[in-house]
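The values are calculated or read from the model by the stated rules, or taken from the named source; none is laboratory data. Bear in mind the structure is a predicted one, so any value in this text is a computation, not a measurement. We place every Cβ from the backbone using ideal geometry, glycine too, and count neighbours over all the protein chains shown.
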Amino acid sequence: MFLINCPFCGERDQSEFSSGGEAHIVRPKQPTELSDDEWAEYLFMRKNIKGIQFERWNHVHGCRKWFNVVRDTSNDKILSVYKMGEKPPVNYK
Amino acid sequence: MPNYRIHKTEYIDETKRVSFKYDGKTYFGYEGDTLASALLANGIHLVGRSFKYHRPRGIVSCGAEEPNAICQIGSKKDLTEPNVRATELELYEGLEASSQNCWPNVKFDIGGINNFISPLIPAGFYYKTFMWPKSFWKKVYEPLIRLSAGLGKSPTEPDPDIYDHKYVHYDVLVIGGGVSGIIAAKMAAKNNFKTLLVDDKKILGGSTIYQNNESIKIDDKLSSEWLKNEIQEIKKLSNLSIKTRTSIAAYHGYNFLLAKENLTDHLPEEKKKNKIRQRLWKIRAKKVVIATGSIERPLVFNNNDRPGILLSNSINKYLDYYGVTCGENIILFTNNDSAYETSISLHKKGIKNIIVDLRKSARSELIKQAESLGIKIYFNHVVTNTFGYRKINSLEIMKLSEDGNTTVGNKIRLSCDCLGMSGGWTPMVHMHTQSGGKLDFRDEDQVFLPKENSEDQISVGSCNGDFDLENIIDKTVNKINKFLDIDNQDYQDTNIICSKGNDKRNIWLLPNKIPLGKTKCFIDFQNDSTAKDIKLALKEGFRSIEHVKRYTTTGMATDQGKLSNMHALGIIADTAGVKMGTLGTTTFRPPFTPLTFGTLVGRNVGKFFEVVRKTSMHEWHVKNNAEFENVGQWKRPWYYPKNGENMHDAVQRESKAARDSAGILDASTLGKIDIQGSDASEFLNRVYTNAWSKLAIGKCRYGLMLNEDGMVYDDGVTTRISENHYLMTTTTGGAANVLSKLEDYLQTEWPELDVYLTSVTDHYSTASICGPNSKKILNKLFPNLDLSDENFPHMSFKEDKLENINCRIMRISFTGEQSYEINIESKYGHSLWKMCIEAGKEFNLTPYGTETMHLLRAEKGFIIVGQDTDGTMTPSDLQMDWIVSKKKFDFIGKRSLYRSDTVREDRKQLVGLLTDDPKEILEEGAQIVSDVKSKPIDMLGHVTSSYFSPNLNKSIALAVVRSGKTMKGQKLIIPMENKNINVTVSDTIFLDKENKRLNA
Ligand SMILES: [Zn+2]
């Protein structure tokens, strides 16, 4: 059970959150311009990294805000938390 | 009756005699006993039969690692518990226990025959034999195995006990109340850390608390006396909470731990009543100190499993803690110094004992002490066999060869009534590994140790491989000072004298002249696997420890191999010729000891099992005999049987009434989302497939919502209340998910939109009145409202007052009838409903439930998302192309609607089905085919909705069928178990295709 530091509420138990998968996948501005392959890339393809991964989390039983998390999936350590729209921390690339 | 209780101890209250039943017979023990110590005091060693060979088995240990003394407690249907370790169960007045795994009884049983045919039961026996013939499994093998291999009985009725959960937060959690745990807890609490110390035993002190050897001293006192002082001191610390009878079940990430506290298991029956039996603690600790100690290892030699063979240290505890001797003529077999403590203790109490030591010699102070007491020691000797069926009566020893690989010289036969084994100590690294920690292997004494300690977790004491008192105290103090960043000087001048030596001669599988195939060298007592089994598994090609474990079942019993895992690994390493540290270990998984379901479930039983949501009208439904259906968490009226009607009859009556005159439905559970903001219209444009900008104020529109993959996600009617204000309805089950999805898009993809979402599902109650007479009923309720089709047409919205209370009225229809949904603030919902019923009386206004609602909408071919769709249906698959805007630039899922897969013509598509026999009702979920002769039969689809329509007087169904759109009029077959049903593909709309009834 993680402890997640919601950027709006502070540290809370994992049970208050829901995970939203990989972060920084931007919905294409003009989907109709895309080929099937390009659209499939956006729609289906996810990295599922062992190691440092950028993820979306929602404080669903709290402030209901979405935010981003940098997590090492090999040991579940959360390395950084930042709001939607903020730039990801560069030191984890 | 024999009495093996030979002296008084402070832990046994001899003034409080306790009677208990074991296997139907009454015995006596004392307060302070465990079931095991009380049995031993009565001279009972034999407590069960082994799993595979049904060999007689005795008590082996005094703790959680016990493999044999497994009991069934109680015999009531609702109050009986299997797999309880007699070594941990505190004795109480009225306790009823029986031995497990020994049908028909422990002294004689049928499975004992397995012992004689054991050459036929090798490793993997169950896999190899019972696989064939397959038909034998269910009828022959399984019942036989189940009967003779008793794994205990589960209760057959609900557990009447009360269980509790509690969340706590601490700065420091210390697991284990032995010397190192007590030191750690004291240091933490004295330095202002809010600290919790847990221990699974009744009292703190671990194995030092009953230690009474004069040659092991702290500050010139017996180590037990010194420790008692320490315990007195820590009990005064206000910062420290102590929980005894509390064991850690699981250690999860981020220092989140589950602990089980036993509250009443030790109390007599009448005192258990109405009390919480166990409490599950959910502990979040900033830092965790693991001080779980170590357990003694058995030794692996021929016939090492007879009753009367125990761990040496357990013999010591039974003697010094419980005052019970395990025999009168005891042999201790060891490879290290620990057994000498037991020997000296026994000697002091006048119990004759001799020592067989694998080591060539050893010269610690402790050994000298034993020698000076005249205790006979056979150095460089090994036990090669034991004798005695229900209890050991003698054994054979032989001299070890120089290299320790074989035996030399003559057999020496020694008589005894008890044998103690000491194979050294295994650190309890379970907690460390459960939390994700890795292990290192220490070659000198062949132990796995916690590899590194993180900044928020540390292992101290013998679970960290520090086995002598001096090391334990010194290292614990140093490590805790560093770990907590403190400078505690309490133990700086502590003077420790420990006369025990550390040397050990480790041989995993002890040598024997008899070929291995003819020996019974048990590794896992509970699952009956032997050294031979392990070797056979290796011979057959198994290499991974995880595979060997599963093939031989070593370590897979309820004790999870606490005594056996190390030996299995050692023998694998020796046989395969690899270094033990490179093999790794099997994974230690929670729970550490078995937990009852009750503890996990806590208070969430019965009506607290799940949250139940009821509408404001709920009481009326109950009073009016409604049967309820669970929809999500909601209780929805399903149908309202009258005068003993069955469901079918009730639904037929309700459905007919709704079309002939008027029906009323509690629609309060539909999800309602209030949408406001200057970009509300644009937002709806993006989330629904159809266009919203042009929807006039006061009008309603049906919308279909897709996932980004183009599949239908939810549907519902949305009303434009004012320029920038909409009220969206969702399906009952989809409400929460739809809100989450909309919030996700708003926050992450379109943060520029000025839109605010509020869930108002619970804020409004909704009564939906439909039928040809609905307008007349509305007129009675809202006499001032112009209900004419011109002023209040279908798909529009009005506000009015009912007795001065605001109502929102939508003229929308899910039945195809003229229909009005009246929304009112929830607290008035019940009154609204009653007023509707009253006003509708003269029109036979009939309350109907979800079943009738489903039937009525199916007559009209309206879909139910989640019933007629399953996450693979596009709007086109549903023949709802009309609702997908061609003009809109984008909406969620639009691009996916022309992926190569979504434009396939042979997708499954929604169609209507009519049975050739109009009385035949199809089963929902039934498969649809076109030909039953060619095999394999080609499945075309399945029935999604099916009813008998009283309004059409025939059976109707909706189905998804491959290429169904092009199949109208075609004959298909529904093959059922005992017949084939012929159907014809039809339109999805069965009734009033022209929508005449909407404005009738
Ligand atoms: Zn929050």
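For A:ARG64, state whether it is under 30 Å from B:HIS169 (Cα atoms), at the interface with chain B (Cβ under 9 Å from one of its Cβ atoms), modelled with pLDDT of 95 or more and outside any loop (DSSP other than H, G, I, E, B).
Numbers: under 30 Å from B:HIS169 (Cα atoms): yes; at the interface with chain B (Cβ under 9 Å from one of its Cβ atoms): yes; modelled with pLDDT of 95 or more: yes; outside any loop (DSSP other than H, G, I, E, B): no.
No; evaluated as a whole, the condition is false for this residue.
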Across segment B:542-559, what is the total count of residues that are basic (Lys, Arg) and touching a residue at least 12 places away in the same chain (Cβ under 8 Å)? 2
Residues to consider are B:ILE290, B:ILE331, B:ILE315, B:ILE276; find the one that is out of contact with any Ser or Thr (no Cβ under 8 Å at 6 or more places or on another chain), in contact (Cβ under 8 Å) with a residue 24 or more places away in the chain and not assigned by TED's automatic domain parsing to the domain that holds B:ALA97. B:ILE331
Would you check which residues across segment B:899-922 are surrounded by fewer than 14 Cβ atoms within 10 Å (Cβ to Cβ) and either under 41 Å from the mean Cα position of the chain (by Cα) or hydroxyl-bearing (Ser, Thr, Tyr) (or both) and list them? B:SER900, B:ASP901
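Taking the stated definitions as given, is A:MET84 surrounded by fewer than 17 Cβ atoms within 10 Å (Cβ to Cβ), within 14 Å of the ligand (Cβ to nearest atom) and within 30 Å of B:ARG899 (Cβ to Cβ)? Can you show your working first?
Working: surrounded by fewer than 17 Cβ atoms within 10 Å (Cβ to Cβ): yes; within 14 Å of the ligand (Cβ to nearest atom): yes; within 30 Å of B:ARG899 (Cβ to Cβ): yes.
Answer is yes for this residue.
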Single unsatisfied condition, A:ILE78 versus (1) within 12 Å of chain B (Cβ to nearest Cβ); (2) in a strand (DSSP E or B); (3) surrounded by fewer than 15 Cβ atoms within 10 Å (Cβ to Cβ); (4) touching a residue at least 24 places away in the same chain (Cβ under 8 Å): (3)
Of all the residues that make up segment A:4-56, how many are surrounded by 13 or more Cβ atoms within 10 Å (Cβ to Cβ), within 11 Å of another protein chain (Cβ to nearest Cβ) and assigned to a helix (DSSP H, G or I)? 8
Where residues in segment A:62-80 are under 18 Å from B:THR748 (Cα atoms) and of a type outside the set (D, E, K, R), which of them is farthest from the ligand (Cβ to nearest atom)? A:VAL70
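Suppose we filter segment B:82-107 for residues that are modelled with pLDDT of 90 or more and within 27 Å of the chain's Cα centre (by Cα); how many remain?
Applying the first criterion (modelled with pLDDT of 90 or more) to segment B:82-107 yields B:84-98.
If we keep only those that are within 27 Å of the chain's Cα centre (by Cα) as well, we get B:84-90, B:97-98.
Total meeting the criteria: 9.
For (1) surrounded by fewer than 17 Cβ atoms within 10 Å (Cβ to Cβ); (2) within 16 Å of B:ILE309 (Cα to Cα), each residue gets a yes or a no:
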position: B:VAL324; (1), (2): no, yes
position: B:ILE331; (1), (2): no, yes
position: B:THR334; (1), (2): no, yes
position: B:GLU341; (1), (2): no, no
position: B:ASN353; (1), (2): no, yes
position: B:LEU373; (1), (2): yes, no
position: B:HIS381; (1), (2): no, no
Selection from segment B:965-995 of residues that are more than 20 Å from B:TYR947 (Cα to Cα) and either aliphatic (A, V, I, L, M) or outside the structural domain of B:GLY925 (by TED's automatic domain parsing) (or both): B:MET967
Could you please give the count of residues in segment B:743-784 that are aromatic (Phe, Trp, Tyr), within 11 Å of chain A (Cβ to nearest Cβ) and part of a strand (DSSP E or B)? 0
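In segment B:628-681, which strands (runs of 3 or more DSSP E) lie fully inside it and hold 2 or more residues that are farther than 23 Å from B:GLU842 by Cα?
Working: elements: B:634-639, B:663-666, B:671-676.
Output list reads B:634-639, B:671-676.
Being modelled with pLDDT under 90 and acidic (Asp, Glu) is the requirement here; does B:GLU470 meet it?
Numbers: modelled with pLDDT under 90: no; acidic (Asp, Glu): yes.
No: the conditions fail for B:GLU470.
Go through the residues of segment B:844-860 one by one and say whether even a single one is more than 42 Å from the chain's Cα centre (by Cα) and among the basic types (Lys, Arg). Reasoning before the result, please.
Here is the first cut: in segment B:844-860, the residues more than 42 Å from the chain's Cα centre (by Cα) are B:844-847, B:856, B:859-860.
Pick out the ones that are also among the basic types (Lys, Arg) and you get B:860.
Yes - at least one qualifying residue is present in segment B:844-860.
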Restricting to segment B:446-467, count the residues that are part of a loop (DSSP other than H, G, I, E, B) and buried (at least 18 other Cβ atoms within 10 Å of the Cβ). 6
Checking the condition out of contact with any Asp or Glu (no Cβ under 7 Å at 6 or more places or on another chain) and either under 30 Å from B:LEU684 (Cα atoms) or of a type in the set (Lys, Arg) (or both), which residue from B:GLU924, B:GLU920, B:GLU905 passes? B:GLU905
Sole exception among (1) at pLDDT below 95; (2) of a type outside the set (Phe, Trp, Tyr); (3) within 29 Å of B:TYR756 (Cα to Cα) for A:LYS93, by number: (3)
Is it fair to say B:LEU366 is crowded, with 21+ Cβ neighbours inside 10 Å, at pLDDT below 95 and not in a strand (DSSP E or B)? yes
Turns out the strands (runs of 3 or more DSSP E) fully within segment B:14-106 with at least 3 residues that are small (Gly, Ala, Ser) are B:96-99
What are the residues in segment B:701-742 that are more than 23 Å from B:ASP870 (Cα to Cα) and either within 14 Å of chain A (Cβ to nearest Cβ) or charged (D, E, K, R) (or both), if any? B:ARG701, B:ARG720, B:GLU723
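What about A:VAL70, is it buried (at least 17 other Cβ atoms within 10 Å of the Cβ), more than 30 Å from B:LYS894 (Cα to Cα), more than 11 Å from chain B (Cβ to nearest Cβ) and in contact with a helix residue (DSSP H, G or I) (Cβ under 8 Å, 6 or more places away or on another chain)? If you could, list the steps in order and put the result at the bottom.
Working: buried (at least 17 other Cβ atoms within 10 Å of the Cβ): yes; more than 30 Å from B:LYS894 (Cα to Cα): yes; more than 11 Å from chain B (Cβ to nearest Cβ): yes; in contact with a helix residue (DSSP H, G or I) (Cβ under 8 Å, 6 or more places away or on another chain): yes.
Yes; evaluated as a whole, the condition is true for this residue.
Kindly indicate the residue of segment B:584-613 that is part of a loop (DSSP other than H, G, I, E, B) and hydroxyl-bearing (Ser, Thr, Tyr) and also surrounded by the fewest Cβ atoms within 10 Å (Cβ to Cβ) among those meeting that condition.
Out of the qualifying residues, it is B:THR587.
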Filter segment A:17-48 down to the residues that are free of Cβ contacts under 8 Å to residues at least 60 places away in the same chain and either of a type in the set (Ser, Thr, Tyr) or under 19 Å from A:LEU79 (Cα atoms) (or both) and list them by number. A:PHE17, A:SER18, A:SER19, A:GLY20, A:GLY21, A:GLU22, A:THR32, A:SER35, A:TYR42, A:LYS47, A:ASN48
Residues of segment B:294-303 being surrounded by fewer than 24 Cβ atoms within 10 Å (Cβ to Cβ) and not in a strand (DSSP E or B), which ones? B:ASN302, B:ASN303
Kindly evaluate A:MET1 against the criterion of being more than 16 Å from the ligand (Cβ to nearest atom), of a type in the set (A, V, I, L, M, F, W, C) and loosely packed, with under 14 Cβ neighbours inside 10 Å. no
